[in-house]
Amino acid sequence: MVYLVLVVDGNGVLNVATLDLIKGWQGPDTVGNASFVPGSRISIFKQNTDVYTALLVDQNGVLNVASLDPSKGWQGPDTIGNASLVPGSPISVFKQSATAYAALLVDQNGVNVASFDPTNGWQGPDTIGTAGFVPGSPVSAL
């Protein structure tokens, strides 16, 4: 079993440390470039038995995804959608089905949802509902 610890450092770079119960702690290692607000919030989920996915909003207000596949290493971060979010916004992720996930965020237009499924990849984020929330507000989902 491997455990992941993710944090955005003082330079705005995503860092990852891993705990392997046999090998002990490894890292932290950087993933990508300095494109995040230091201390940005990160949401992580297990996409399948081998792949871990992290979501965070960059300094330009764009949702980003980075994934760890042990056979390929870290991929990304890659952007999803346009710049409409507050940099470093919190993200709530929930499982929609056996293989599909949704990520919720709040921008100036309301609650946004970005969806992932293995066939179509990431879609969105798209606004659901109406405006009236404070951009960058925490959002929870179950």
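The values are calculated or read from the model by the stated rules, or taken from the named source; none is laboratory data. What you see is a predicted model, and the numbers here were worked out from it, not measured in a lab. Heads up, the Cβs are rebuilt from the backbone with ideal geometry, glycines too, and the neighbour counts pull from every protein chain shown.
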* Residues (in contact (Cβ under 8 Å) with a residue 24 or more places away in the chain, of a type in the set (A, V, I, L, M, F, W, C) and over 26 Å from Val37 (Cβ atoms)) located in region 90-142 -> Leu142
* Going by the conditions given, is Asp50 of a type outside the set (Ser, Thr, Tyr), out of contact with any helix residue (DSSP H, G or I) (no Cβ under 8 Å at 6 or more places or on another chain) and either under 19 Å from Val8 (Cα atoms) or in a strand (DSSP E or B) (or both)? -> no
* To do: Being more than 15 Å from Pro77 (Cα to Cα), in a strand (DSSP E or B) and β-branched (Val, Ile, Thr) is the filter; apply it to region 1-36 and report the residue that is modelled with the highest pLDDT.
  => Val5
* Asked: Which residue, of Ser43, Ser35, is among the polar types (S, T, N, Q) and either without any contact (Cβ under 8 Å) to a residue 24 or more places away in the chain or under 27 Å from Gly132 (Cβ atoms) (or both)?
  -> Ser43
* **Selection status of Gln75, over 25 Å from Tyr3 (Cβ atoms), part of a strand (DSSP E or B) and free of Cβ contacts under 8 Å to residues at least 12 places away in the same chain** => no
* Sort out for me the strands (runs of 3 or more DSSP E) sitting completely within region 81-142 that have 3 or more residues that are in contact with an Asp or Glu (Cβ under 6 Å, 6 or more places away or on another chain) and either hydroxyl-bearing (Ser, Thr, Tyr) or within 22 Å of Val13 (Cα to Cα) (or both). => none
